[in-house]
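Presented below is the structure to which this report refers.
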Amino acid sequence: MNSSGNRPYCSRGVFFYLYLAMAALALAPGIGMLAVNEDLDKILSPLYWERVFGCSEDQLGLLFLGVPFALTALVLLLVLVYRLWAALPPGAARTTPGKGAGFLLIPVFSLYWNFVAFYGWAQDYNRHVRERSLPAHPVSPTVAMGIAVLNLIIAPFNIVLAFAGLPNAGTVLGLPLTLLMLVFIHQAVAAVNALPAEALAEARTARRPAIADGSQPTGKGVASLVLGICSLLLPYIGIIPGIVGIVLAVQQRRLRKTGVAMAGLILSIAGTAFYGLCLLGLIMVLLTM
């Protein structure tokens, strides 16, 4: 272990097993729909794939059951990416932790940023360990590159398939990406947890010299995290705690840039964006009635 006591820098239980559970729950509705729609007697039918991967309006509602779990998995991944970049000192990293995780939320641009956030981190980490002769585990750049390439290919396809009325096909395309992401998380968590405590402390001090004494309060960060969780769990009205959570997280990060505040910020943004889109869609439906 590399941090105080027996506490690892990145918890495997949170970032690997919880991500695995959330990803499985996010994919479960789509996989279940494929199983229900499967009919081997009609596999040679020209309309087979349209029937299998398509779904009715009622079935489409079931697919949305996986959205909160997908958002939770995304938040876990963003927090992990932030911590991975924070484990490297500024001189060894090509970007900052905030940019490394935050730029993954930018539409279209994130297709490029996946190469920086994952493949770039793997390169920078391996070079840092090699140059400093640190007793840590290397990570596979090939796995990180695979994640970036699959994101580049799958994301546009999912959008096209959704508009084509074949949303279940996105579940099939997402399976290899999810499996590859789990391999990367397993490697990355083991890698940063193997870094010496002195190396992590050096990186933390170099990035946050003004707050190294830890004297700044962190209450707003905890509040933003709680509100961020509420924003995902409360249907539609979650947009309200989400907005408040964003404000508190930004205020906290001006005082002290804590991981709790970053998690609260990401959760609050995710909840606000999701239910904001839901409300916008509901308003558009009511206006067309």
Practice problem: Working only within the stretch 232-259, note down all residues that are surrounded by fewer than 19 Cβ atoms within 10 Å (Cβ to Cβ) and β-branched (Val, Ile, Thr). | Solution: ILE237, ILE240, ILE243, VAL244, VAL247, VAL250
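In the stretch 132-154, how many residues are open to solvent by 40 Å² or more (accessible area, probe 1.4 Å), modelled with pLDDT under 90 and not polar (S, T, N, Q)? Lay out the reasoning, then the answer.
Narrowing the stretch 132-154 to residues open to solvent by 40 Å² or more (accessible area, probe 1.4 Å): 132-133, 135, 137-138, 141-142, 145, 149-150, 152-153.
Restricting the remaining residues to those that are modelled with pLDDT under 90 gives 132-133, 135, 137-138, 150, 152-153.
Adding the requirement that they be not polar (S, T, N, Q) leaves 132, 135, 137-138, 150, 152-153.
Total satisfying the criteria: 7.
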Quiz item: GLY259 passes all but one of (1) among the small types (Gly, Ala, Ser); (2) at pLDDT 75 or above; (3) within 23 Å of the chain's Cα centre (by Cα); which number fails?
Solution: (2)
Quiz item: Is one or more of the residues making up the stretch 94-111 at pLDDT 90 or above and within 23 Å of VAL14 (Cβ to Cβ)?
Solution: no
Quiz item: Would you call LEU180 surrounded by 14 or more Cβ atoms within 10 Å (Cβ to Cβ), under 21 Å from the mean Cα position of the chain (by Cα) and at pLDDT below 80?
Solution: no
Quiz item: Residues of the stretch 83-121 being among the aliphatic types (A, V, I, L, M), touching a residue at least 24 places away in the same chain (Cβ under 8 Å) and part of a helix (DSSP H, G or I), which ones?
Solution: LEU84, ALA86, ALA92, ALA101, LEU104, LEU105, LEU111, ALA117
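The values are calculated or read from the model by the stated rules, or taken from the named source; none is laboratory data. These numbers come from a predicted model, not from an experiment. No Cβ is skipped: glycine too gets one built from the backbone with ideal geometry, and neighbour counts run over all protein chains shown. We work out accessible area using only protein heavy atoms, side chains counted, and drop any ligands, DNA or RNA first. Shrake-Rupley method; radii C 1.70, N 1.55, O 1.52, S 1.80 Å.
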